[in-house]
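Taking it in order: structure first as structure tokens, then the write-up.
The values are calculated or read from the model by the stated rules, or taken from the named source; none is laboratory data. Here the structure is a predicted model, which means the values were calculated and not measured. Virtual Cβ from ideal backbone geometry, glycine too; neighbours counted across all protein chains shown.
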Amino acid sequence: MNLTHIEERLLIGYCELSVTAATAAAIEAHLMTCISCRAALATVAMAGDEGLASQESVWDGVLERVDQPTRSLIERLLGAMRLRADTAKLLATTSALRLAWMTSVLLVAAFAAAAARMEGDGPWLLLVIAPLLPLAGVATAYGPAFDPTYEIGVAAPMSGLRLTLLRTVAVIATTMPALALAALVAPGGGWSAFAWVLPSLALVSITLALSTVTSPERAGAIVGLGWLVALVVLIDRDGSGDFVDRSLVFSSSGQATATVVAAIGLAIVASRNTCFDLMTVSGGRR
Amino acid sequence: MNDSTTTTTAGVVLAEVTKRYGRTVAVDDVTLSIGPGITGLLGPNGAGKTTLLRVIATVLAPDSGEVELLGHTTANAQSRELIRRQLGYVPQEPGFHRQFSAFDFVDYVAVLKLITDRRARHDEVRRVLDVVGLTSVMHKRIRQLSGGMRRRVAIAQALLGSPTLLVLDEPTAGLDPEQRLRFRELLSNAANGATVVLSTHQTDDVAALCQRVVVMHSGVIRYDGTAAGLAGLAAGRVWLADVRDPAAQLAWMTGDGMVRHVGEPPTNARLDEPRVEDGYLLLVGASVLQESSWR
């Protein structure tokens with residue numbers, strides 16, 4: 001390569017993306033500092049592409065390629081799933097998409113499934129734990145305690161509800177498949193091993209509704225506690241069979257109730273949607 | 001950037017604004033109009049500056065009172081969105097997603113600011129990072145950047161879209177003197193025609209940068225005027241003496257070995273030129289020195 005300026009054949013190769021990455025990098029490094037080569041590149045590019053009108057737009061294109069942001073693994077995965085780049089960008093800030101979170105979900109699900117296999121008394125542990133996982137994910141997906149850019153986000157014109165729902169969907173989409181897998185391998189469950197699905201959705205929906213009046217992590221803690229209390233209290237004491245058989249929560253009327261609760265939660269969220277556009281934190285620093 | 005509805009000259013109009021946290025009144029019945037130019041909010045910790053700035057940044061709703069920003073009320077979501085499209089905000093302790101580079105982070109905020117076209121967004125991200133002088137490190141991860149650089153990243157995101165209202169909560173905290181000088185330079189350039197409200201502990205920031213100074217203490221406004229006027233409050237009340245007057249409430253040893261007194265004259269003292277700091281201390285000093293919150 002000519003050390004002072006870039007040969008035309010290389011510029012053509014660069015425009016056609018036929019040069020190696022190393023050569024492209026060298027060309028870009030030179031273009032950053034050399035105005036005459038930028039002009040030459042513009043001429044070459046215009047000869048090859050009538051659509052490129054000005055040297056400035058060519059230079060913008062070069063900058064765009066040089067300054068391509070480094071996308072995280074999550075962003076690239078989401079990109080591969082054909083999500084729009086800006087949506088992927090928003091999701092990449094969801095803590096529930098971190099490797100640590102996903103690993104712990106898998107571990108807990110595997111533990112619950114293994115316990116069901118060893119104890120041999122059905123998947124009751126999975127049913128108790130499973131709804132708490134999406135709940136924990138959602139409670140820590142947004143809000144001032146877990147989103148370091150929370151305040152900047154609230155002051156931005158994008159709807160807080162949209163961001164919250166986007167992150168909630170991300171939590172559900174990563175947590176539920178792991179739990180479903182655990183339900184499949186847990187013995188003696190059959191369809192009853194999936195009795196956690198509707199309660200999970202109900203708990204998430206109520207957490208979102210509650211987070212319009214308090215912080216999401218507090219809402220999550222209240223709802224999680226409520227779930228455990230309901231499991232203990234709503235038991236058919238005269239009934240027979242194991243915990244799952246006697247639990248009213250996992251009965252068909254319990255499932256119907258969960259559906260209604262989920263719907264009520266969503267209705268509250270919809271009617272209070274603008275609450276996601278203001279800080280819910282009270283107290284704290286002045 | 002101005003649309004036809006933003007005809008009011010004052011970018012910020014607060015009328016009888018009050019905000020409480022439990023029994024504590026953080027902002028107490030504040031009425032204030034702020035126009036284009038740089039206005040500095042000065043006050044000790046716990047004075048209510050951050051709460052007031054959060055109200056001006058639309059993130060916190062007051063318990064009572066009216067807030068009008070850029071000609072729009074903050075009372076409903078639709079008009080809040082209109083304000084936010086022209087708003088830049090640096091919170092007191094801006095956090096970052098630490099796996100992000102400076103470019104990624106500002107790009108993320110640009111997505112939140114609804115700049116959807118990718119090419120245009122990246123151009124704008126590069127522009128604001130250039131304004132704060134971070135072009136050479138924009139692809140470094142934020143956790144690798146120094147504290148001063150992180151401050152500049154936070155300022156960069158606020159400049160996205162050239163906002164007409166810029167709210168900055170202690171933007172110079174943690175900056176060394178050279179960085180503070182650079183910040184003043186960049187802010188006076190960026191402020192061009194916009195309404196800028198910033199809070200600070202630094203009286204010299206206010207003297208160097210702000211056309212208007214508002215001193216806040218215990219939730220109320222104690223002074224509103226120019227920096228020179230604030231210094232003027234201490235005219236005839238700043239004394240230099242060789243020894244500290246035992247009765248003095250506000251006195252400290254200066255670099256040249258003299259003891260500077262603000263308030264009543266000690267014996268064998270001579271009058272000195274008042275500075276912004278002296279006027280500020282006279283307003284809030286005595287009570288502040290008794291408070292443990294003073295850092």
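If you scan the range B:111-122, which residues turn out to be part of a helix (DSSP H, G or I) and either of a type in the set (S, T, N, Q) or within 7 Å of chain A (Cβ to nearest Cβ) (or both)? Give the steps one after another, and end with the answer.
Our first condition is that a residue be part of a helix (DSSP H, G or I); within the range B:111-122, this holds for B:111-112, B:118-122.
Within the range B:111-122, B:V111, B:L112, B:R118, B:R119, B:H122 meet the criteria.
Taken over the range A:103-153, the criterion of being in contact (Cβ under 8 Å) with a residue 12 or more places away in the chain, under 21 Å from A:D245 (Cα atoms) and of a type in the set (A, V, I, L, M, F, W, C) is satisfied by A:A112, A:A113, A:A116, A:W124, A:L125, A:L126, A:L127, A:V128, A:I129, A:A130, A:L132.
Within the range B:140-191, the residues that satisfy the criterion of being crowded, with 17+ Cβ neighbours inside 10 Å, touching a Ser or Thr at 6+ places or on another chain (Cβ under 7 Å) and in a loop (DSSP other than H, G, I, E, B) are B:T164, B:E170, B:T172. None of B:V137, B:V125 is within 9 Å of chain A (Cβ to nearest Cβ), hydrophobic (A, V, I, L, M, F, W, C) and closer than 21 Å to B:R182 by Cα except B:V125. Applying the criterion of being more than 9 Å from chain B (Cβ to nearest Cβ) and at pLDDT 75 or above to the residues of the range A:85-97, the residue that is farthest from A:I35 (Cα to Cα) is A:T94. Residues that are farther than 30 Å from A:E28 by Cα, in a helix (DSSP H, G or I), within 14 Å of chain B (Cβ to nearest Cβ) and at pLDDT below 75: does the range A:56-73 have at least one? No, the conditions are met nowhere in the range A:56-73. Here B:D176 fulfils each of the conditions (1) under 16 Å from the mean Cα position of the chain (by Cα); (2) within 26 Å of B:F100 (Cβ to Cβ); (3) at pLDDT below 85 apart from (1).
Condition check ((1) out of contact with any Ser or Thr (no Cβ under 9 Å at 6 or more places or on another chain); (2) β-branched (V, I, T)) across all residues:
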| site | (1), (2) |
| --- | --- |
| A:V204 | no, yes |
| A:L210 | yes, no |
| A:V213 | no, yes |
| A:P216 | no, no |
| A:I222 | no, yes |
| A:L225 | yes, no |
| A:L231 | no, no |
| A:D236 | no, no |
| A:V244 | no, yes |
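Among residues belonging to the range A:166-177 that are of a type outside the set (G, A, S) and out of contact with any helix residue (DSSP H, G or I) (no Cβ under 8 Å at 6 or more places or on another chain), point out the one that is modelled with the highest pLDDT. Here the residue is A:V169.
Among the residues of the range B:78-110, the ones that are buried (at least 23 other Cβ atoms within 10 Å of the Cβ), part of a helix (DSSP H, G or I) and facing another protein chain (nearest Cβ under 7 Å) come to 7 in all. Of the helices (runs of 4 or more DSSP H) lying entirely inside the range A:147-246, those carrying at least 2 residues that are away from chain B (no Cβ under 14 Å) are A:160-185, A:197-210, A:216-233, A:243-246. Only a single criterion out of (1) surrounded by fewer than 19 Cβ atoms within 10 Å (Cβ to Cβ); (2) assigned to a loop (DSSP other than H, G, I, E, B); (3) within 19 Å of the chain's Cα centre (by Cα) is not satisfied by B:L60, namely (1).
Can you spot a residue in the range B:58-70 that is under 23 Å from B:V206 (Cβ atoms) and touching a residue at least 40 places away in the same chain (Cβ under 8 Å)? Checked the range B:58-70: at least one residue is under 23 Å from B:V206 (Cβ atoms) and touching a residue at least 40 places away in the same chain (Cβ under 8 Å). When A:L135, A:L106 are checked against the criterion of being in contact with a helix residue (DSSP H, G or I) (Cβ under 7 Å, 6 or more places away or on another chain), surrounded by fewer than 18 Cβ atoms within 10 Å (Cβ to Cβ) and away from every other protein chain (no Cβ under 11 Å), A:L106 stands alone in meeting it. Filtered by the rule that a residue be within 11 Å of another protein chain (Cβ to nearest Cβ) and either more than 22 Å from A:V213 (Cβ to Cβ) or part of a loop (DSSP other than H, G, I, E, B) (or both), the range B:63-77 gives B:D63, B:T74, B:A75, B:N76.
Among the candidates B:T18, B:T39, the residue that is more than 12 Å from chain A (Cβ to nearest Cβ), out of contact with any Ser or Thr (no Cβ under 7 Å at 6 or more places or on another chain) and not aliphatic (A, V, I, L, M) is uniquely B:T39.
So that you can scan it fast, the table gives a plain yes or no per residue for (1) surrounded by fewer than 16 Cβ atoms within 10 Å (Cβ to Cβ); (2) closer than 17 Å to A:A109 by Cα:
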site	(1), (2)
A:M176	no, yes
A:G190	yes, yes
A:S200	no, yes
A:R218	no, no
A:T257	no, no
A:A262	no, no
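Taken over the range B:21-36, the criterion of being away from chain A (no Cβ under 14 Å) and assigned to a strand (DSSP E or B) is satisfied by B:D29, B:T31, B:L32, B:S33, B:I34.
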